[in-house]
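See below for the structure under consideration.
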Amino acid sequence: MPDVKLQIDENDIRIFKQKSEEYNHDDRCIRFNPSRLFSLNFEASDIPFEKVIQTAVHYELPVLFAYQTAVIKQDRPFSKEYIHKGYQVAFLNDVPITDPRARDIMKNAIATIFSQFKPNDVDVTDTSNTVHLNDPSLQYLDKSIPEVNIEALFRNLTIRWMMEYGNTHYKSKIKRFADDNGLKLTSKNLLDVSVSFDPSNGMTKNEESNNMIVKNGKFSPSSFIIYKTQDGEKLPNGSIRYEIKYDDGSYPHVDTKNKSSSHKSKRSLNINKIRPQCQLFREFEDGSRSLSRLELTGLSTSLLQVESGRTLVTEIMNKYSTDSDSSSGKYPYKYWRCNLAYMSQMDYESMRCDIFCPYAGTCNYTGDIISTVAPERKTIAKSVNSRDQFHSLDDAEADFKHNLSAALNADDTRIHAINAPVGIGKSTIVLNYMEKHPHQRILVALSTNDLKNELYDKARDRFTAVKSPSIAEFRHKLPLKIREQIERLYQLGKPLVVTEFIKETIADENVDKDCADLLRGYLNDLTTFHSSTCHAFTTHARLLTFDHWVLKQYDAVIVDEDIIMNCMIPNQVQILITEFKKILEQVGAGSDLAVKITKALKPTESESLFSLDRIHYDRAYDDVLTHIDLPSFCAAEKFYFRRKSDENNLQESYRSGDSLIFFQPLKLNPQVKYIMLSATIDQKICNYYWGSNRVMFYDCKKAAYTGTINQYTEHTMSRSDIAKKPGILERIAKFTGNKNCITFKKHSDGSAIYFGKTTGVDVLKGMDLDIVGTPHQPEFLYKLFAYTMGYNIDADARMNYQAVMYEDYRFWFMTFDDDNNVLRNIQFWMIQSELAQAVGRARPLKEKCTVNVFSNFPVPQAVAGVFP
């Protein structure tokens, strides 16, 4: 036997204290729980210790320590006694085994594995629970304190029989062992000793719906030894359960369960999904390095879930072994062939990646390989290595203040996009900065007049400020004819003409005095606004009408919320083909407008997406009788032709018929510094639209919600899905007991708050809230948006229901294929923005409220719920 190395360093001491009951540095001894220790006594002098160690390693029973022993023997009665030197090896189980019957069964299993060393000379006995490091008889100590476990013991016992007796006879050995020890057999006549994982620690799971969202934490594994009972029941009668200790260096504990299905849970095509996502599998398949036993076991448990997976693993192992029955090469082929057969018959589930994979710390896995590459439908699984880090509200608020100050003081004219959580207090922080910097001129643009007025009212009590006037706030007091003309001019994209019309109206002697006074007051307020030298407030819509000479007066323009999502996306222009034909009857055939219309109609015969040059808007076009926004059409360059036959599931705002659709141009002055503040602003989208060189992106610290977000993913809750489920909204309201609900406009029962109309709404603050729906947009909208930004995309690209990865989540969703990452990013950004704004209406960041989200698109910080 080799001499034990007794040099002990600090790392050894740390391991001793971690894995033992006590380590006494003065006495140099280690104490273990005696119910965890098993030992073998070898009495024959011709049994090489190295051979025992080799066998122990081969069958996953690492030796903890070994003592040299002295045994007094007699040849026959009254003969001379003599002393024979043998040795004792000890094994440390990962958990205490206190049941005497279970302990005897484990002893018998250990003795059987080592039965090749002359059974008459082998005795399994309990050993002392103390290892004395100064004892000269101590001949071996593994300072890593390795552990054995029930699963590995009985699996390797079966493999031992498989290798020795072959497929024909090994099960007779299993039956005899089961009969001798009173153990039950599985449906496939294997010893019914299994390990399962309790999902209650660190995750939520519903067995009926298989709806799972992984939270922080790990599974709790438990081992079962199933005994024979008179009533034939398995659990809980006739079994003993042990909680398996979870140490980073421990050997794997694998889920097992007895299934009856003859088909694997995943088809062979999933192997093609594993290859690009799993570095460990690629290394195994191409032979670039030899996998450890732990790595190979974990990888195999996943591949066994896939049709043809076992065959593939066997072929790879055979490829890197010298012959099919030798232990040469990278893998002992015969052992692993038996190991795979056992795991397959016992229906092992996939092992968690963090137990065995060296790349788990940097991989976006969601638990195991199978759930990562092929998640269950109707589930949302979060990556274990989620990048989300949640901070205190104070830290998150301070971080936003820092980023806002950095953007405002930057000496540039870039677009500073600051992503900050909904409800962090952006408005208050902005007002505080404006009050402390009265010599700067800051223009704040908000999404609605109500929000503009609300923030202006708070500001004027603290510092000098002005706000832009709005005709919308008094239009109900104007005569119908004047109101309709003003609205028509705005609709036609002619805001400058509105001012001229107002002046003409005031000058008209026949105009009503009250009307003239209102309009005159509006013009005076507009003049005051433009001539002021202080901070100012306006709306997104008004901001986009300001020319260079107005904007250059300000040091910075702060845009509250994502201006792309709040201005560009809603401002789509739809022109029916029949309306174009009416315009052609009113303009000269050689005019630029007529030429552009003619060119616009020609591609509709064969193309869906096409481009046209901008043209100058001639004031002569003011006389054209139409409801079309001609100035926007003249300026537009990117178009989508939508056929009437493509009208399935359109939003309520679209008119029926063949038409052209385009976005009103959204231009931000390149000589002005803009600062956008939003929880839904997306760096990829900003870079797509304005270019990465112009955008400076700030991702502020996130804070954990004070409120609770529950998510129910059993149904997609798209428009079509809700239409197929009459009464679903009533069922949800009865289930949650909530009166407040945000959903699609069509189902909102006249509510002023619905998808597309949630930004800035504060009336639901602190209230429990239901959000019902996955706010998809029509497919063409994603394509048109991408095309408008200059991307060459496939106009015929179609969506399909598939497993996808987005940010830290894996889930099934109706989306574009991987080849269309731009389209998918646009789609997910739009949906995520709508849901985030809806969730934010209850202000769960600071309020103790409950928000229930019924959608199959992931919502950050949500906990899985089950909707019956």
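The values are calculated or read from the model by the stated rules, or taken from the named source; none is laboratory data. What you see is a predicted model; the values in this text were computed from it and never measured. Backbone-built Cβ (ideal geometry, glycine too); neighbour counts: all protein chains shown. Quick note on the areas: whole protein, heavy atoms, side chains included, nothing else; ligands and nucleic acids left out. Shrake-Rupley method; radii C 1.70, N 1.55, O 1.52, S 1.80 Å.
Here are the numbers for the structure shown:
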quantity	calculated
Test: residue in the range 636-647 that is over 30 Å from ASP721 (Cα atoms) and open to solvent by less than 20 Å² (accessible area, probe 1.4 Å)	yes
Condition broken by THR413, with the remaining ones in (1) open to solvent by 50 Å² or more (accessible area, probe 1.4 Å); (2) closer than 22 Å to GLY521 by Cβ satisfied	(2)
Residue match in the range 586-595 (condition: touching a Phe, Trp or Tyr at 6+ places or on another chain (Cβ under 9 Å), free of Cβ contacts under 8 Å to residues at least 40 places away in the same chain and buried (at least 19 other Cβ atoms within 10 Å of the Cβ))	yes
Evaluation of GLN671 against (1) more than 23 Å from LEU551 (Cβ to Cβ); (2) at pLDDT 90 or above; (3) in contact with a Lys or Arg (Cβ under 8 Å, 6 or more places away or on another chain) (one fails), failing number	(1)
Any chance SER35 is among the hydroxyl-bearing types (Ser, Thr, Tyr) and modelled with pLDDT of 90 or more	yes
Test: residue in the range 537-555 that is without any contact (Cβ under 8 Å) to a residue 60 or more places away in the chain and over 50 Å from the mean Cα position of the chain (by Cα)	no
Verdict on ALA66 being modelled with pLDDT of 80 or more and surrounded by 12 or more Cβ atoms within 10 Å (Cβ to Cβ)	yes
All positions within the range 779-796 that are open to solvent by less than 30 Å² (accessible area, probe 1.4 Å) and modelled with pLDDT of 90 or more	PHE780, LEU781, TYR782, LYS783, LEU784, PHE785, ALA786
Subset of the range 453-473 (residues that are more than 19 Å from PHE501 (Cα to Cα), aliphatic (A, V, I, L, M) and either open to solvent by 90 Å² or more (accessible area, probe 1.4 Å) or part of a helix (DSSP H, G or I) (or both))	LEU455, ALA459
Test for LEU823: is it assigned to a loop (DSSP other than H, G, I, E, B), of a type in the set (A, V, I, L, M) and open to solvent by less than 10 Å² (accessible area, probe 1.4 Å)	no
Complete set of residues in the range 142-186 that are open to solvent by less than 20 Å² (accessible area, probe 1.4 Å) and of a type in the set (A, V, I, L, M)	ILE145, VAL148, ILE150, ALA152, LEU153, LEU157, ILE159, MET162, ILE174, ALA178, LEU183
Among (1) in a loop (DSSP other than H, G, I, E, B); (2) modelled with pLDDT of 80 or more; (3) open to solvent by less than 10 Å² (accessible area, probe 1.4 Å) - the single one PRO252 does not satisfy	(2)
Candidates VAL839, VAL851, VAL804, VAL866, filtered to the one that is free of Cβ contacts under 8 Å to residues at least 24 places away in the same chain, closer than 25 Å to THR366 by Cβ and either among the β-branched types (Val, Ile, Thr) or surrounded by 21 or more Cβ atoms within 10 Å (Cβ to Cβ) (or both)	VAL804
Counted residues, the range 350-367 - those being open to solvent by 30 Å² or more (accessible area, probe 1.4 Å), in contact (Cβ under 8 Å) with a residue 60 or more places away in the chain and outside any helix (DSSP H, G or I)	4
Positions within the range 666-705 being open to solvent by 60 Å² or more (accessible area, probe 1.4 Å) and not charged (D, E, K, R), in sequence order	PRO670, GLN671, GLN683, SER692, ASN693, MET696, TYR705
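Residue-by-condition table, conditions (1) within 17 Å of MET717 (Cα to Cα); (2) part of a helix (DSSP H, G or I); (3) under 16 Å from the mean Cα position of the chain (by Cα):
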| position | (1), (2), (3) |
| --- | --- |
| LEU764 | no, no, no |
| MET767 | no, no, no |
| LEU781 | no, yes, no |
| PHE813 | yes, no, yes |
| PHE828 | yes, yes, yes |
| PRO844 | no, no, no |
